[in-house]
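The values are calculated or read from the model by the stated rules, or taken from the named source; none is laboratory data. Remember, it's a predicted structure, so these values are computed and weren't measured experimentally. With ideal geometry, Cβ positions are generated from the backbone for all residues, glycine too; neighbour counts draw on all protein chains shown. With ligands, DNA and RNA removed, areas are computed over all heavy atoms of the protein, side chains included. Shrake-Rupley method; radii C 1.70, N 1.55, O 1.52, S 1.80 Å.
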Amino acid sequence: YPLKYFAERVASNYIDIVFPFPEDLNPQFWMPDSDTIGSMQSADLILVNGATFEKWLTLVSLPPSKLIDTSKGFQSEYIRVGRAVTHSHGPEGEHTHGSVCFTTWLDFELALKQAQVIRNAFTKLVPEHSAAFRAGYQELAGALERLHRMALSIGGDLIGKPLLASHSFLDYFARRYELNLKSLHWHHGSVPNGIQWEELETLGAEHPSRWMIWEAQPVVRSIQQLKLMGIDSIIFDPFYSASPDGDFMVTMENNLKNLRRISLPLSQ
């Protein structure tokens, strides 16, 4: 969804943007059917996030001349996690978090680079509307810059404070904004098992965090157990797919407000 949002902002209504994912499904676990693949093959451009987000790309054949990998230009900045982890729980069923972290857009400077790739692709496709694409990009760039400044401020307030994330979805954000973050391999949709709780206790000896950052609302038992260990929970929604609660900018601003809570006294 973030990529679709960027494309719509840049397109300025001059390009028809199609987002084929079902609303109730996380795009990172999606596999297009034959009709959708046919639609992609006949499209003028196919925008992808890259960084291993679209795992289905290895299973389908798409015209290379139409495929625009928006993060390819900064492959050297990809974050590689220590190991691939397969979960066999949660509403999506079994899935694997691979060795490359793919949430590039949570580093707002990398998100801007992806928006630049989109602008350039649209300009090449429909050069007569280049001024509109440039204007749309500039407005988006201004919005992303505001997020970037907010995140820098929050990162400055949190320097040195030990934090935990349920898994590695927040790694790009943590690197750019200098969070002292350690990532686990937990799923928000189920209660961690005994081994996972033991791993947390071991980690806590060297990284005594009072906060766990989840990508979505965790089950109540997880929140309660963490609370007993002196760890509070907050949500940072990566916004993989569209939501009725707001657009990309609204969601990211809410995420930053949630993070701001960590730097405030407990009474606030």
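Here are a few things to note about the model shown:
- Peptides 193-205, 168-180, 66-78, ordered by how many other C-beta atoms sit within 10 Å of their residues on average, highest first, read 168-180, 66-78, 193-205.
- Spatially near lysine pairs across the chain, Cα under 22 Å, sequence gap of 8 or more or different chains: 19
- Over all pairs of different C-alpha atoms, the chain has a mean inverse distance whose reciprocal, the Kirkwood radius, equals 19.8 Å.
- All other residues whose Cβ lies under 11 angstrom from that of residue 135 are scored, Lys and Arg at +1 and Asp and Glu at -1, for a net of +2.
- The heavy atoms of residue 226 present about 0 square angstrom of accessible area, all protein chains included, probe 1.4 Å.
- Summed over qualifying helices (DSSP H, 4 residues or more, each -39500 (n - 2.57)) and divided by its residue number, the chain shows a 222 nm mean residue ellipticity of -13000 deg cm²/dmol.
- Long-range amide H partners of residue 165 with built H, under 5 Å: 182, 183, 184, 213
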